[in-house]
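**Student:** This structure is in structure tokens; I'll ask about it shortly.
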């Protein structure tokens, strides 16, 4: 049975759409201009992905969306689009934690991976995962970095920091076991396996009530 899953990632500056046949990627459309272009690009990318894969909306079995944390506006746009499509097509909604996507973007041999997204000032959204099995070792939270951050994990082995908050972390976290990988962003490219696992388990969201995982309240800029 063919199970095409349309995956949407808009939690940061990367606007990303992919279609997977089960857990095999069929097509990817994404751009990262450094600014938020989701309102202009997301629906265009969805249409281009479907056309490029010679599919229609009726060939899609489920929609998977990056659920946060991340940009309030970016998450709103992605989740609203995913929910609208699920309503219109009467197909299930799958939510994937954004930091898990970020952790999946690097292939490591040892230690733990700390996916980290930029928040305000010295604050980040971060979690910790085992590099071998993807098990979450510490829950996602908003935290203010200092020179003692992650000391407990660093003294026990290598911690690889990835994400757009790496430059913040490098300024403060100085340790021989700290490894930093820059220019890694959440992408729909990493959603296929996670989305298909949830699809098989029928681990679906309530389309009417699902909301992004903002982690903290939105604060409007001036």
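Coordinate-derived values only; no laboratory data. Since the model is a prediction, treat every value here as computed from it, not as a measurement. Positions of Cβ are backbone-derived with ideal geometry, glycine not excepted, and every protein chain shown enters the neighbour counts.
**Student:** Tell me, yes or no, whether the stretch 97-119 has at least one residue that is in contact with a helix residue (DSSP H, G or I) (Cβ under 6 Å, 6 or more places away or on another chain) and free of Cβ contacts under 8 Å to residues at least 40 places away in the same chain.
**Tutor:** Within the stretch 97-119 (the criterion being in contact with a helix residue (DSSP H, G or I) (Cβ under 6 Å, 6 or more places away or on another chain) and free of Cβ contacts under 8 Å to residues at least 40 places away in the same chain), the answer is no, since none of the residues qualifies.
**Student:** Enumerate the strands (runs of 3 or more DSSP E) found wholly within the stretch 128-198, keeping only those where 2 or more residues are surrounded by fewer than 20 Cβ atoms within 10 Å (Cβ to Cβ) and within 21 Å of the chain's Cα centre (by Cα). Give the steps one after another, and end with the answer.
**Tutor:** On the way: elements: 136-144, 159-162, 178-181.
The qualifying strands (runs of 3 or more DSSP E) are 136-144, 178-181.
**Student:** If we only count helices (runs of 4 or more DSSP H) wholly inside the stretch 1-118, which ones have 2 or more residues that are out of contact with any strand residue (DSSP E or B) (no Cβ under 9 Å at 6 or more places or on another chain) and surrounded by fewer than 17 Cβ atoms within 10 Å (Cβ to Cβ)? It would help to see each step written out before you state the result.
**Tutor:** Values: elements: 38-52, 72-89, 98-104.
Passing ranges, in order: 38-52, 72-89.
**Student:** Right, here's the next one. Inside the stretch 135-146, can you point out the residues that are in contact with a helix residue (DSSP H, G or I) (Cβ under 7 Å, 6 or more places away or on another chain) and free of Cβ contacts under 8 Å to residues at least 60 places away in the same chain?
**Tutor:** Just the residues of the stretch 135-146 that are in contact with a helix residue (DSSP H, G or I) (Cβ under 7 Å, 6 or more places away or on another chain), to begin with: 140, 145-146.
Answer for the stretch 135-146, where residues must be in contact with a helix residue (DSSP H, G or I) (Cβ under 7 Å, 6 or more places away or on another chain) and free of Cβ contacts under 8 Å to residues at least 60 places away in the same chain: 145, 146.
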